[in-house]
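Report on the structure given below.
The values are calculated or read from the model by the stated rules, or taken from the named source; none is laboratory data. Quick caveat, the model's predicted, so the values are computed rather than measured. Here the Cβ is made from the backbone with ideal geometry for all residues, glycine too, and neighbour counts use every protein chain on show. Heavy atoms of the whole protein, side chains included, go into the accessibility calculation; ligands, DNA and RNA do not. Shrake-Rupley method; radii C 1.70, N 1.55, O 1.52, S 1.80 Å.
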Amino acid sequence: MNVALSTRYGPTTTLARNVAATVSAIVGLAVMVLPTVQGVQPPRSLYFGALGAMMIGVFFLNAFRWKGITNRATREANAAGAGARFAFMQADFSSGDGQHTYPGSGWVVVTDETLVIVFRRSTIGIGGARQRREIRLDTVMGVFPHDTTSMSYGGVVIVLSSGEELFFMLAPRNGSGLRGPSDLEITTAVADLSSVIEA
């Protein structure tokens with residue numbers, strides 16, 4: 001099994017990423033300010049300024065890491081008149097025979113008859129096309145919460161009549177990359193999905 005595909009986001013990895021992004025911002029600020037204070041003249045000072053700005057940018061990229069997918073989930077849900085939606089950081093699709101696939105980030109939108117999953121094929125890399133999977137609601141047997149542990153964030157588990165289990169590690173609703181999903185966000189997602197499926 002490819003470790004990069006199966007490694008999950010969790011409190012430990014988020015803490016490490018937050019520390020690295022904060023250090024990058026502090027060093028970036030120093031790189032921008034110190035040359036100017038020491039009297040470095042353009043164009044050399046511009047190089048330091050650009051380098052510092054890029055390092056500070058790393059912090060903001062981390063802070064708004066999931067904002068894009070949360071916005072897309074909201075847009076698609078509004079366009080479809082969906083009863084429930086959520087964005088996820090990564091997923092684990094477990095088939096009835098024990099085979100696993102590990103899609104990257106995406107979102108789930110639930111209408112009256114269909115559960116739509118939009119996701120990246122892999123957790124590796126940036127960009128790339130997204131795949132779309134549609135599941136009839138009458139094949140959904142249950143929706144359950146999955147608790148957060150010290151190594152892995154929680155989310156939503158959807159069980160299908162085929163025996164397949166779909167685990168979605170929720171992204172925070174505000175799109176922040178500085179934390180994982182709260183217990184309230186997980187229970188709300190489960191309740192919203194269940195209410196649409198059972199209606």
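Inclusion of residue 195 among residues that are of a type outside the set (Val, Ile, Thr) and either modelled with pLDDT of 95 or more or assigned to a loop (DSSP other than H, G, I, E, B) (or both) is not warranted. I'd like to verify a number: residues in region 96-133 that are open to solvent by 30 Å² or more (accessible area, probe 1.4 Å) and either aliphatic (A, V, I, L, M) or modelled with pLDDT of 95 or more (or both), how many? Counting residues in region 96-133 that are open to solvent by 30 Å² or more (accessible area, probe 1.4 Å) and either aliphatic (A, V, I, L, M) or modelled with pLDDT of 95 or more (or both) gives 3. The requirement of being closer than 30 Å to residue 143 by Cα and under 22 Å from the mean Cα position of the chain (by Cα) is fulfilled nowhere in region 21-34; no residue meets it. Quick check: anything in region 76-91 surrounded by 13 or more Cβ atoms within 10 Å (Cβ to Cβ), in a helix (DSSP H, G or I) and not aliphatic (A, V, I, L, M)? Yes: region 76-91 contains one or more residues that are surrounded by 13 or more Cβ atoms within 10 Å (Cβ to Cβ), in a helix (DSSP H, G or I) and not aliphatic (A, V, I, L, M).
Based on what the data block shows, is residue 149 polar (S, T, N, Q), modelled with pLDDT under 95 and touching an Asp or Glu at 6+ places or on another chain (Cβ under 9 Å)?
Spelling it out, it is not the case that residue 149 is polar (S, T, N, Q), modelled with pLDDT under 95 and touching an Asp or Glu at 6+ places or on another chain (Cβ under 9 Å).
Taking every residue in region 118-134 that is among the polar types (S, T, N, Q) and pairing it with any residue that is modelled with pLDDT under 60 and surrounded by fewer than 12 Cβ atoms within 10 Å (Cβ to Cβ), at least 6 positions away or on another chain, the pairs with Cβ-Cβ distances below 9 Å are 122/4; 123/4.
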